[in-house]
Amino acid sequence: MENIWIGITTSLEPINLLFNVFGVIVGIIVGAIPGMSGPMAIALFIPATFAMDPIPAVIFFTAIYCGSTFGGSVSAILLNIPGTSAAAATCLDGNQLAKQGMAGKALGTAALTSAIGGVFSCVVLLLCAPLLADFALAFGPTEYFVLAAMGISAISSLGAQSQLKSLLSACIGLFLATIGMDALTGQARFTFGQMFLLDGIGFIPALIGLFAITEVFASFNITGPVEILDSKVKTVLPTVAELLKIKWTVFKSMIIGTWVGILPGEGATVAAFLSYAEAMRSSKTPEKFGTGILEGIAAPEAANNAAVGGSYVPTMALGIPGSATAAVLLGALTLHGITAGPLLFINQTKFAYGVIMAMFISNALFLILGIFTTRYFAKVLDIRFSILGPAIIMFAVLGTYTLRNNVFDIWLMLFFGLLGLVMREVKLPVAPFILGLVLGPMLEINLRRGILVHDGLINALLCSPVAIVLEVITVGMALMPIYKGIKARVRNQEI
Amino acid sequence: MEKLERIVGLVFAIVALGLFIYAGNISKFGMDKGVGAEVWPRFLLVLIMLLSLGMLVGTFLKKKGPDENNKELGVWIKEQKKIGLGILILVVYLFVLETVGFLVATILMLIVFMILLGLKKKSTLIIVPTILTLAITYTFYKMGVPLPLGSGVFRQIFLTLFG
């Protein structure tokens, strides 16, 4: 209870509150603009926060994450173009409702259910993360190695189109993480005589390249603003009767969202589609889905925002990101000198609880902003991409250059931008790549330490019951898609 | 885009093979027991090779259908013209950045990008890049963040405006 109080007072400090508001506004704007995203904004803002205290900086990033997840619904409803992939399912009913002249009601439902889902996941985060961290305190190198491996195997089994491609993407990320000086022996690996590579692949150039440059180039065929259905939209909250009608949909969706968020994977997007499918499956009138019903907006919106809080549970408690955006955040934490993991709740109580309590405020903030200011946010959809795109490139260059004041990092950023484009074209998912890049050092160091401590790989893998259980879960997660594939093939043959 | 997938799969596999051979140069210095610095990256490179080849083989096994993404490589390359030009602009920008300086190079880069993206209004093409770059440069200069000043006349322009 004392820690929660510390968190409340921290989150209410004027500087933290200010960055929370600023973050939510930035988040809603970038979430609403197709071609921009939460991780892109976080990556672009990381260099600007170097001089800041870690608490307001991370509160700012968290607020961007929360705001952008909701912001995606604004363009999904008004343009039928999801501002973020997490809002893709919202298009189905949100835009239909807008076409019927009820854009305000669609936005109000999205804002309210997003906030409900977000707050629920914050409660789960507040209750579960410290418990999980407490449990993980006894973990040794082997357990950490298996946890990191679990993150990789889970992401390849969840949501991705092809397990092979997800694994390939993760392996490339893991390999790139080995570039630089070896942490155990101090030897240079794959630096090709480049001094700048001795510190390893810069996380910021990689992120900015993958999220900003790739996104901007991929949006190059958008030339002008798309027609907005209702540019003078006024948000209308659902009535009590309407809320009661969708209460079970919201309840189920926020549980699905939080759970999917906790599992490492493409959290919010998968959560939104799973919840939409579940709402449709359990509905008495499934044929109405896609025609503009409130359940069709509530399900994905409650779930995608619940996934945000859910993704913070493994990120904060174990240092294993629950989503690609959480992986970006984990990188930001490292750059700010904060080590996520079990000791975070003991050594950095003010930080850990401050960020969690600030997330509650972020959810309330985007609800308030969503109700009263959506018409102004809708205006940003008027900005032409021909102005926005080059401006993003300029900020990407600036953010990367100011890291170490060298042009080499910008080349690196461009390399990752091109790699991201190629990956997008051949449908290699980016999330496993980012996870590999973030978890790579943790995976390798703990594996090698475990082998050293336990005198061999087999001894290391069998060192404790916890490690064995985690290994079984990891292998199970990795094999699950193969099992499902075989099962589906057998069923098809029977039919 | 099966052809592109095949090319990418092959390139990844070849690069991984090259790096696997290169990894032999990492000496085993300082590791009497345990795993050496080269083992983990080599293990990953083997996985990358196998998975890339798996992706390549997968394109041959995939059933062909009227998939809209399944277009000819030539058509796809034509569609990427704008992106290719964009990359070229960025490459030229990076080559001249330290000589021309952030201020002038960025204004020019923004103008060219905006033209490429279809902006035609001349006043917007001049005003937006100039004001945006001046404002950013001024802010960073006042914050003490060093930006490339350029050399010769470009340096003079910068110092005249902000010095």
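What list of ³J(HN,Hα) couplings, whole Hz, do you get for the stretch A:164-173 from phi and the Karplus terms 6.51, -1.76, 1.60, once you set θ to phi - 60° and write x for glycine and proline?
Each residue's phi maps through the Karplus curve to give 4, 5, 5, 5, 4, 4, 5, 5, 5, x Hz.
Assign one of three labels to the stretch A:319-425, namely rounded, prolate or oblate, based on the Cα gyration tensor with a ≥ b ≥ c the square roots of its eigenvalues; rounded applies when a/c is under 1.5, prolate when it is not and a/b is larger than b/c, and oblate otherwise. If you can, show how the numbers build up before the last one.
Values: a/c = 2.17, a/b = 1.12, b/c = 1.94.
Note, shape of the stretch A:319-425 comes out oblate.
Starting from the coordinates of the alpha-carbon atoms of chain B, obtain the Kirkwood hydrodynamic radius over all distinct pairs and give the value in Å to one decimal.
On the way: mean 1/r = 0.0483 Å⁻¹.
Taking every pair of different Cα atoms in chain B, averaging 1/r and inverting gives 20.7 Å.
Quick one: which residues, 5 or more positions from A:Ser464 or on another chain, have an amide H under 5 Å from its amide H? H modelled 1.01 Å from N in the peptide plane, none for Pro or chain starts.
Excluding prolines and chain starts, which carry no amide H, there are no hits.
Taking chain A as the reference, fit the longest principal axis to its C-alpha atoms, fit the long axis of helix A:407-425 to the helix C-alpha atoms, and give the angle between the two in degrees, 0 to 90, nearest 10.
For helix A:407-425, the angle is close to 60 degrees.
With +1 on each Lys and Arg Cβ and -1 on each Asp and Glu Cβ, how big is the dipole of the protein assembly as shown about its Cα centre, in debye rounded to the nearest 20?
1400
Could you give the length gained by full extension between A:Val466 and A:Gln194, i.e. 0.36 nm per residue of separation minus their alpha carbon distance, to one decimal place? Show your work: numbers first, answer last.
Working: separation 272, 0.36 × 272 = 97.92 nm, distance 4.16 nm.
Separation in residues times 0.36 nm, less the Cα-Cα distance, equals 93.8 nm.
From the square roots a ≥ b ≥ c of the eigenvalues of the alpha-carbon gyration tensor of the stretch A:2-150, which class results: rounded (a/c under 1.5), prolate (a/b over b/c), or oblate?
Prolate is the answer for the stretch A:2-150, as a/c is 1.5 or above and a/b outweighs b/c.
Given the pairs A:Lys234/A:Lys379; A:Lys99/A:Lys252; A:Lys284/A:Lys487; A:Lys247/A:Lys288; A:Lys232/B:Lys121, which span a C-alpha to C-alpha distance of over 19 angstrom in this model?
On the way: A:Lys234/A:Lys379 12 Å; A:Lys99/A:Lys252 27 Å; A:Lys284/A:Lys487 29 Å; A:Lys247/A:Lys288 17 Å; A:Lys232/B:Lys121 26 Å.
From the list (A:Lys234/A:Lys379; A:Lys99/A:Lys252; A:Lys284/A:Lys487; A:Lys247/A:Lys288; A:Lys232/B:Lys121), the Cα-Cα distance tops 19 Å for A:Lys99/A:Lys252; A:Lys284/A:Lys487; A:Lys232/B:Lys121.
Once you have the Kirkwood Rh of the stretch A:435-495 from its Cα pairs, apply Stokes-Einstein at 10 °C and 1.306 mPa s and quote D in µm²/s.
113
Taking chain A as the reference, fit the longest principal axis to its C-alpha atoms, fit the long axis of helix A:103-136 to the helix C-alpha atoms, and give the angle between the two in degrees, 0 to 90, nearest 10.
Result, in degrees: 30.
Compute the distance from the alpha-carbon center of the stretch A:283-309 to that of the stretch B:71-145, in whole Å.
41
Explain nothing, just compute: Karplus ³J(HN,Hα) = 6.51 cos²θ - 1.76 cosθ + 1.60, θ = phi - 60°, for every residue of the stretch B:133-138 in order, whole Hz, x for Gly and Pro.
Calculated HN-Hα couplings, in order: 5, 4, 5, 5, 4, 4 Hz.
According to the square roots a ≥ b ≥ c of the eigenvalues of the Cα gyration tensor, what is the shape class of the protein assembly as shown, taking rounded for a/c under 1.5, prolate for a/b larger than b/c otherwise, and oblate for the remainder?
Here the protein assembly as shown falls in the rounded category.
What are the ³J(HN,Hα) values, in whole Hz, obtained from phi via the Karplus relation 6.51 cos²θ - 1.76 cosθ + 1.60 with θ = phi - 60°, for each residue of the stretch A:286-298 in sequence order, with x given for Gly and Pro?
x, 5, 7, 5, x, 9, x, 10, 5, 4, x, 9, 4
Amide H neighbours of A:Ala188 under 5 Å, counting only residues 5+ apart in sequence or on other chains, H built in-plane at 1.01 Å?
Answer set, sorted by chain and number: A:Asp182.
Taking chymotrypsin sites (Phe, Trp or Tyr not before Pro) as exposed when DSSP calls them loop (any state but H, G, I, E, B) and at most 14 other Cβ atoms lie within 10 Å, what is the longest stretch of chain A free of them, the sites themselves excluded?
Longest stretch, sites excluded: A:193-495.
Using just the C-alpha positions of the stretch B:97-163 as equal point scatterers, what log10 of I(q)/I(0) does the Debye formula give at each q in 0.11, 0.17, 0.27 1/Å?
Here the Debye-derived log intensity ratios amount to -0.27, -0.60, -1.14.
Considering only C-alpha atoms, what is the centroid distance from the stretch A:374-448 to the stretch A:70-129, in Å?
So the separation of the two Cα centres works out to 25 Å.
If I fit a long axis through the Cα atoms of helix A:465-494 and take the longest principal axis of the Cα atoms of chain A, what angle between them do I get, 0 to 90°, rounded to 10?
50
Bear in mind that the values in this text are calculations on the coordinates, not laboratory data. This one's a predicted model, so the numbers in the text were calculated from it and none came from an experiment. Glycine gets a Cβ as well: all are built from the backbone with ideal geometry, and neighbour counts include every protein chain shown.
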